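Data block below; observations after.
The values are calculated or read from the model by the stated rules, or taken from the named source; none is laboratory data. This is a predicted model, so every value here is computed, not measured. Here the Cβ is made from the backbone with ideal geometry for all residues, glycine too, and neighbour counts use every protein chain on show.
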Amino acid sequence: MQIKKYNYIDLGSLIYPLFIQENQKAPSEIISMPGVYRHTMASLHDELLYLQYLGIKKVLLFGIPDVKTDQGQSAYCAHNFLTKTIEYIKAQFPEITVFTDICLCAYTLHGHCGIIDKDSSHIEGQATLSALSEMALNHARAGADYVAPSAMAKGQVKAIRSKLNSFGYDDVKIMAYSAKFSSNFYGPFREIADSAPKFGDRSAYQLNYKSKVNAILKIDQDIKDGADIVMVKPALSYLDIAKHVKDKFNYPLALYNVSGEYAMAKLGAEKGLWIERDFVDEILTSMQRAGADYIITYHALDVARWQKKSQKRKFDYAECTAI
Ligand SMILES: [Zn+2]
């Protein structure tokens, strides 16, 4: 049996989330997530240059609109600040693979992931699928390489695949948030886009962490519906699910190392509880061991920076001994 070694985290497997805020004058740091910013176009440009220099070539874009509405129309109108951002990145940084989040929660006043029926206060299935498919199509037109539906709407992968294909975007791939659990670990993320639900919660469409069966069923369905990558989210408390999914389906698997996991690593390091670099390395290695082909992580930039630093140190040592 071949023993797999995990010396370095493979930078090619890391996907770095980026937040773009419409009409913002200066970038703003997320208080609960040190080092993570809501970007302007100018600060995004600088960040992408830096990512490129460090060797991170995959990004996942989230839009934060100026105006939220009941039905979140600005998410799926033909041209918006996010489609412009995608076009800009693909023109300026063609070697960067662009993934885009497909969901309505940052764009709706109520903060839910779909369109709500006013009378029943439930998600309207068909209207939500139409909105998500339209949003995905607009991102594909702008140049996105992957669209990543995260609304957990029933049939979202099938509807998006069919919409993309009918407009000739067969080559645009889908990374599906297949097993997305209703989790305590999302707390800091909701500060980013002010996207906490204003009534109820997301347990009606996100998975209960006490049940494993539904996660496996969702993954199975998304593969059948045409997902190119399936995802388990969050990552750290769900490595058993990840391992099970990898063993059962042997399919490209992404894990989302979410905001609460990131905040825990950062804030603990700030308090001197552990060395951040070692702590993060241990966590990301465990995700690789569980079978992750891709890890979506806010630590990507730090990991690349640490690797660059240690390579430089090795180089300096060699140079020194040669003299
Ligand atoms: Zn959402």
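Considering the range 36-131, the qualifying helices (runs of 4 or more DSSP H), each wholly inside and each with 3 or more residues that are surrounded by fewer than 20 Cβ atoms within 10 Å (Cβ to Cβ), run over 41-54, 81-92.
The requirement of being out of contact with any helix residue (DSSP H, G or I) (no Cβ under 8 Å at 6 or more places or on another chain), of a type in the set (V, I, T) and closer than 19 Å to N138 by Cβ is fulfilled nowhere in the range 33-43; no residue meets it. Has the range 23-31 got any residue that is on the phi < 0 side of the Ramachandran plot, among the small types (G, A, S), part of a loop (DSSP other than H, G, I, E, B) and touching a residue at least 24 places away in the same chain (Cβ under 8 Å)? Scanning the range 23-31, I find no residue that is on the phi < 0 side of the Ramachandran plot, among the small types (G, A, S), part of a loop (DSSP other than H, G, I, E, B) and touching a residue at least 24 places away in the same chain (Cβ under 8 Å), so the answer is no.
Going by what's in this entry, would S150 be described as buried (at least 21 other Cβ atoms within 10 Å of the Cβ), modelled with pLDDT of 90 or more and of a type outside the set (A, V, I, L, M, F, W, C)? Yes, satisfied. Of all residues being within 15 Å of the ligand (Cβ to nearest atom) and basic (K, R) in the range 133-180, which is nearest to Y76 (Cα to Cα)? Just the residue, please. So, considering only residues that are within 15 Å of the ligand (Cβ to nearest atom) and basic (K, R), the one nearest to Y76 (Cα to Cα) is K154. Picking from residues in the range 105-135 that are over 25 Å from L48 (Cα atoms) and aliphatic (A, V, I, L, M), the one that is modelled with the lowest pLDDT is I123. Of the listed requirements (1) closer than 24 Å to I116 by Cα; (2) over 16 Å from the mean Cα position of the chain (by Cα), G63 misses just one: (2).
Against the numbered list (1) surrounded by 20 or more Cβ atoms within 10 Å (Cβ to Cβ); (2) under 19 Å from C105 (Cβ atoms); (3) among the aromatic types (F, W, Y), Y16 comes up short only at (2). Which residue out of I115, I123 is touching a residue at least 40 places away in the same chain (Cβ under 8 Å), within 15 Å of the ligand (Cβ to nearest atom), of a type in the set (V, I, T) and in contact with a Gly (Cβ under 6 Å, 6 or more places away or on another chain)? Of I115, I123, the one residue that is touching a residue at least 40 places away in the same chain (Cβ under 8 Å), within 15 Å of the ligand (Cβ to nearest atom), of a type in the set (V, I, T) and in contact with a Gly (Cβ under 6 Å, 6 or more places away or on another chain) is I123. If you go through the range 266-302 and pick out every residue that is within 21 Å of L54 (Cα to Cα) and hydrophobic (A, V, I, L, M, F, W, C), you end up with 8. Which of the residues that make up the range 241-274 are out of contact with any helix residue (DSSP H, G or I) (no Cβ under 8 Å at 6 or more places or on another chain) and closer than 22 Å to R289 by Cα? Of everything in the range 241-274, those that are out of contact with any helix residue (DSSP H, G or I) (no Cβ under 8 Å at 6 or more places or on another chain) and closer than 22 Å to R289 by Cα turn out to be D247, N250, P252, A254, Y256, M264.
As for the range 261-278, it holds no residue that is touching a residue at least 40 places away in the same chain (Cβ under 8 Å) and closer than 16 Å to S178 by Cα.
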